[in-house]
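Note sheet for the following structure.
The values are calculated or read from the model by the stated rules, or taken from the named source; none is laboratory data. Keep in mind that this is a model prediction, so the values were computed, not measured. Please note: Cβ atoms are built from the backbone with ideal geometry, for glycine as well, and neighbour counts cover all protein chains shown. Only protein heavy atoms, including side chains, enter the accessible area calculation; ligands, DNA and RNA are left aside. Shrake-Rupley method; radii C 1.70, N 1.55, O 1.52, S 1.80 Å.
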Amino acid sequence: MMTERPRRNRKSAAVRNMIRETGLSVSKLIFPVFLVDGKNQQIPIASMPGIHRWSLDLLLKEIEECMKLGVQTFDLFPAVDESLKDKEATYSYHPDNFYLKAIREIKKEFPESCLMSDVALDPYSSDGHDGYVENGKILNDKTLPILAKMSLAQAEAGIDIIGPSDMMDGRVGYIREELDEAGFTETSIMSYTAKYASAFYGPFRDALDSAPKFGDKKTYQMDPANKREALREAELDTLEGADFLMVKPALCYLDVIHMLKEKSALPIAAYNVSGEYAMLKAAAEKNWIQYERAMPEMLLSIHRAGADIILTYFAKEFAQMRANGSI
Ligand code: PBG
């Protein structure tokens with residue numbers, strides 16, 4: 001006699017709907033968008049089908065469409081002309097910086113949107129590294145003041161959430177202090193807490209032409225073999241005043257997401273990165289996978305593992321599918 005039959009709880013859509021343990025809503029998604037200077041630009045990114053670099057005029061339209069679908073938070077990344085890059089990433093806080101102008105403009109047009117920035121030297125650095133380089137080394141403490149200048153300029157422009165993605169030690173505390181001293185006590189920080197030295201950032205570096213000019217990022221980004229080290233980073237970020245902790249990438253690091261969710265009281269975010277997007281899109285193009293099912297399954301799994309918030313290039317498409325009732 002079999003008294004326990006788990007299948008009874010799967011017997012109809014009504015029962016399945018009733019017992020479903022997790023559900024992902026569009027309000028949990030952050031949409032990363034790429035910005036270029038100029039007008040009327042919508043430049044496709046070869047390794048990220050469906051994703052573009054936008055000039056501000058067209059980005060405003062894209063944001064409007066997303067907002068109508070319920071996507072409210074956008075993570076902005078600038079693609080900077082090579083001629084504007086230097087060792088100290090000075091363009092990152094230059095008053096004429098198109099990225100800072102865009103933040104102002106988007107907040108003016110859509111005050112109810114939530115904007116997140118990226119704080120790291122790489123899009124502005126002639127070395128293509130996240131930190132300041134001297135004699136082939138990435139210098140932690142010389143990087144901090146540059147990150148703080150960049151953060152202050154973004155806060156002044158009206159950014160809601162600062163996103164330090166550089167993995168320098170002590171940067172969350174350093175940035176928090178500088179923001180507070182300047183009166184930006186309401187500007188949040190979402191720290192890239194456990195950012196791994198991953199192969200899955202490739203398409204993003206194509207999108208921004210931001211690949212390192214020498215070496216790799218292993219002296220600052222985490223070793224994919226490590227899990228407990230993420231706890232140490234999380235403790236420090238928490239003590240230094242982070243408002244959110246992020247794990248990046250997402251799919252290969254679901255255990256890390258789960259661990260931080262269990263151990264921390266802060267909201268946990270996961271970055272479903274460019275390579276993860278590209279893999280699924282490529283398989284879908286070849287008809288090797290059923291995209292409409294695989295994509296929401298991927299996002300749901302990241303959420304189920306413990307991510308309260310997901311940064312994903314699928315955000316708009318997910319919201320469209322939700323709006324037309326297919327998921
Ligand atoms: C830069 C940065 C990277 C990403 C976000 N911010 C790339 C890197 O560290 O090389 C990756 C995002 C993605 O792959 O989608 N500091």
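Remarks
- When the P(r) is computed for the chain, the part past 33 Å accounts for 24% of the Cα-Cα pairs.
- A simple spin-label model places pseudo-atoms 7 Å from Cα toward Cβ; at Ser27 and Arg8 they are separated by 3.6 nm.
- With all protein chains in place and a 1.4 Å probe, the accessible surface of the range 22-323 carries 50 percent carbon and sulfur.
- Residue-count net charge about Arg304 - beta-carbon cut-off 13 Å; Lys, Arg +1, Asp, Glu -1: -1
- With helices as the sole contributors, the chain gives -12000 deg cm²/dmol at 222 nm; each DSSP H run of n ≥ 4 counts as -39500 (n - 2.57), and the sum is divided by every residue.
- Maximal additional length on extending the Tyr291-Asp81 stretch stands at 72.2 nm, based on 0.36 nm per residue less the C-alpha distance.
- Spin-label model, Glu317/Lys263: points 7 Å from Cα along the beta carbon direction are separated by 3.4 nm.
- With the highest mean first, a sort of the peptides 87-97, 168-178, 154-164 on other beta-carbon atoms found within 10 angstrom per residue produces 154-164, 168-178, 87-97.
- Measuring between their Cα centroids, the range 7-85 and the range 281-308 lie 14 Å from each other.
- Ordering 134-143, 14-23 by mean Cβ neighbour count within 10 Å, with the highest value first, yields 134-143, 14-23.
- Given charges at beta-carbon only (K, R positive; D, E negative), |dipole| of the chain in Debye: 1860
- Top positive-direction residue, dipole computed over the chain with Cβ charges, set Thr3, Trp288, Ala307: Thr3
- Modelled FRET efficiency - R0 45 Å, Thr219 with Arg104, Cβ distances, 0.05 increments: 0.80
- Solvent-accessible area per residue, Å², over the chain with all protein chains present [probe radius 1.4 Å]: 47
- An ellipsoid equivalent to the range 3-118, defined through the eigenvalues of its Cα gyration tensor, has semi-axes of 41, 16, 14 Å when rounded to whole angstrom and sorted largest first.
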